[in-house]
Amino acid sequence: MTLAPTATGGIDLPGARDRVETILTQFLDRKQADAEAHNLPTEIPLALRDFLSAGGKRLRPVLCVLGWHAAGGTTPVPASVLQVAAALEMFHAFCLVHDDVMDDSTTRRGKPSVHRMFADRHAQRRSRQAADRFGTSAAILVGDFALAWSDELIHTAGLTPAQLARLLPVLDAMRSEVLYGQYLDVAAGGQFTDDVERARAIIRYKTAKYTCERPLHIGAVLAGPPRLLLDSLSAYALPLGEAFQLRDDLLGVFGDPEATGKSRLDDLREGKHTVLIALTLQHASRAQGDQLRPLLGCPALTEEQADVARHIITAAHAPDRVKAIIRERYGQALAALEAAPLPTAAREQLSALAGRAVWRTT
C-alpha cells in the first residue's frame, strides 16, 4: 500500500501534489540558472533536485492542503498555499539530508544518500577518508541550503500579512519541535533500555507533531480557522503520527529494502531507541537481552547478526505488541476525526490517508 493521494469530493490531491512538484522543480531550475549566471557551483541545486525527484511520500504537503480544506479553504487551492506546501517539502529535505549524515545512512529512497553521493563522486581525486569528509561537509551545506530555500519559498508565496501573522508562529513551533525531537533521538542512541515512554517522546516531537499535526495546522491557519479546529486536528494527527512512526520502525528492521529504499540494517547499526527495541528489552529473557545488546549499535553488523537480532525481537513478541499499539492509535485517530467539525470531503480524505499511512509497506 502506498500513500498516493486520490481525488474525492472536489478535493484534487493528485493535482495539488503535481503542482507542488512543479513549484519545487521550477524553483530549483531558477536556482541552478542563478548559480550558472554568477559562476557558482550548480551541484547544490542539482543535488537537491535529484534528492527531491527520487521519490518520497509528500505527506506534509498533502496534509497542508487537507488542513486548508478542513478549515473551509477555497477550491482550487491558491498558488500561495501550494507554495507553502512546497516549502514544507523543502524543509523536509533539509531534515532528511542532515538525518542521513547523523545516522551515517548509505541510502535514501533507493539511491545513495547525499553525503555518500558526494563522497563517491570525489573518491578518485581524494583519499577515501578525505572523500568521506568532503561528502559529509557537502551534505551539511546542501541541507543548509534546503533550510534557507524553504524560508524563501514561504516569504515569496504571496501570502497576506494576516496569513503570515498566523502562519509564522506555527512554522516556528514546527521547526523547533522537530529539531528537539532529532536531538532526543541522537541523545538516546546507544542507550539500550526498556524505557518505552522515552521512545514515545522521540516519536511525538520528531514525527507525530512534525509530520502530521503541524502541516495540518499550517494549511488550516492559512484559511483562518477558530482555535477549536486546531485542537480537533491535533486529536487526529498526534495518534496518527505515532502509528506512522511505529510502522516506520517495523519497516526499518523487517521491511523489504527494495520497497522501502533503505537498508534494514541502518536502525540496528545505529542502535535507535525505538518502541520496538524498548518493548523487546522489556519482555525478553535476561539471556536474550544480553545477546541482543552487543548487536545494537554495532556499525559493522552483518545480515547474519541482524537475523539473530530479528529472531530475539520476534521471540519477545515485540512486533505484535507494536502492531497492537498501531491499531489502537489508528482507532483513536479515526474517532477524533469523526468528532471533528470538518467538511465531509476533508473528513473522507483524512480517513483514507490515515489508512494508507498506517498500513503501508514502504
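The values are calculated or read from the model by the stated rules, or taken from the named source; none is laboratory data. Source: prediction; values computed, not measured. Every residue, glycine as well, gets a Cβ built from its backbone with ideal geometry; the counts of neighbours run over all protein chains shown.
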Quiz item: Restricting the search to the stretch 319-350, which residues are within 13 Å of residue 235 (Cα to Cα) and in a helix (DSSP H, G or I)?
Solution: 329, 330, 331, 332, 333, 334, 335, 336, 337, 338, 339, 350
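Would you say residue 294 is more than 19 Å from residue 250 (Cα to Cα), in a loop (DSSP other than H, G, I, E, B) and in contact (Cβ under 8 Å) with a residue 24 or more places away in the chain? Give the derivation first.
Numbers: more than 19 Å from residue 250 (Cα to Cα): yes; in a loop (DSSP other than H, G, I, E, B): yes; in contact (Cβ under 8 Å) with a residue 24 or more places away in the chain: no.
So residue 294 does not fit the description; no.
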Practice problem: Scan the stretch 84-121 for residues that are out of contact with any Asp or Glu (no Cβ under 6 Å at 6 or more places or on another chain) and not in a helix (DSSP H, G or I) and jot them down. | Solution: 104, 106, 107, 109, 110, 111, 112
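Could you identify the single residue in 129, 124 that is part of a helix (DSSP H, G or I) and surrounded by fewer than 15 Cβ atoms within 10 Å (Cβ to Cβ)?
On the way: 124 fails: part of a helix (DSSP H, G or I).
The conditions single out 129.
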Quiz item: Could you give every pair whose Cβ atoms fall below 9 Å, whose first residue belongs to the stretch 17-44 and is farther than 19 Å from residue 143 by Cα and in contact (Cβ under 8 Å) with a residue 40 or more places away in the chain, and whose second residue is in a helix (DSSP H, G or I) and of a type in the set (D, E, K, R), counting only separations of at least 6 or pairs across chains?
Solution: 20/89
Quiz item: Which numbered condition trips up residue 320, out of (1) surrounded by 13 or more Cβ atoms within 10 Å (Cβ to Cβ); (2) free of Cβ contacts under 8 Å to residues at least 24 places away in the same chain; (3) closer than 18 Å to residue 274 by Cα?
Solution: (1)
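Okay, residues lined up against (1) among the polar types (S, T, N, Q); (2) modelled with pLDDT of 95 or more:
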{"position": "30", "(1), (2)": "no, yes"}
{"position": "39", "(1), (2)": "yes, yes"}
{"position": "47", "(1), (2)": "no, yes"}
{"position": "63", "(1), (2)": "no, yes"}
{"position": "77", "(1), (2)": "no, yes"}
{"position": "82", "(1), (2)": "no, yes"}
{"position": "93", "(1), (2)": "no, yes"}
{"position": "107", "(1), (2)": "yes, no"}
{"position": "120", "(1), (2)": "no, no"}
Quiz item: Hey, among 214, 198, 227, 204, which residue is among the basic types (Lys, Arg), more than 25 Å from residue 16 (Cα to Cα) and under 17 Å from the mean Cα position of the chain (by Cα)?
Solution: 204
Self-check item: Filtered residue count, the stretch 254-269, keeping only those that are within 17 Å of the chain's Cα centre (by Cα), part of a helix (DSSP H, G or I) and not hydroxyl-bearing (Ser, Thr, Tyr)
Solution: 3
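Could you tell me whether the stretch 300-309 includes any residue that is in a helix (DSSP H, G or I), touching a residue at least 60 places away in the same chain (Cβ under 8 Å) and surrounded by 20 or more Cβ atoms within 10 Å (Cβ to Cβ)? Even if it seems obvious, please write down each step before you answer.
Quick first cut of the stretch 300-309, residues in a helix (DSSP H, G or I) only: 303-309.
Among the residues that remain, those that are also touching a residue at least 60 places away in the same chain (Cβ under 8 Å) are: none.
So far as the stretch 300-309 goes, no, none of its residues is in a helix (DSSP H, G or I), touching a residue at least 60 places away in the same chain (Cβ under 8 Å) and surrounded by 20 or more Cβ atoms within 10 Å (Cβ to Cβ).
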Quiz item: For residue 257, which of the numbered conditions (1) surrounded by fewer than 21 Cβ atoms within 10 Å (Cβ to Cβ); (2) closer than 20 Å to residue 199 by Cβ fails to hold?
Solution: (2)
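Among 243, 237, 220, which is in contact with a Cys (Cβ under 8 Å, 6 or more places away or on another chain), at pLDDT 95 or above, of a type in the set (Gly, Ala, Ser) and more than 26 Å from residue 307 (Cβ to Cβ)? Spell out the reasoning first.
Numbers: 243 fails: in contact with a Cys (Cβ under 8 Å, 6 or more places away or on another chain); 220 fails: in contact with a Cys (Cβ under 8 Å, 6 or more places away or on another chain).
Result of the check over 243, 237, 220: 237.
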Quiz item: Scanning for something basic (Lys, Arg), touching an Asp or Glu at 6+ places or on another chain (Cβ under 8 Å) and either closer than 30 Å to residue 86 by Cβ or touching a residue at least 24 places away in the same chain (Cβ under 8 Å) (or both), does the stretch 223-230 turn up at least one residue?
Solution: no
Quiz item: Is it the case that the stretch 32-41 has a residue that's aliphatic (A, V, I, L, M), loosely packed, with under 14 Cβ neighbours inside 10 Å and part of a helix (DSSP H, G or I)?
Solution: yes
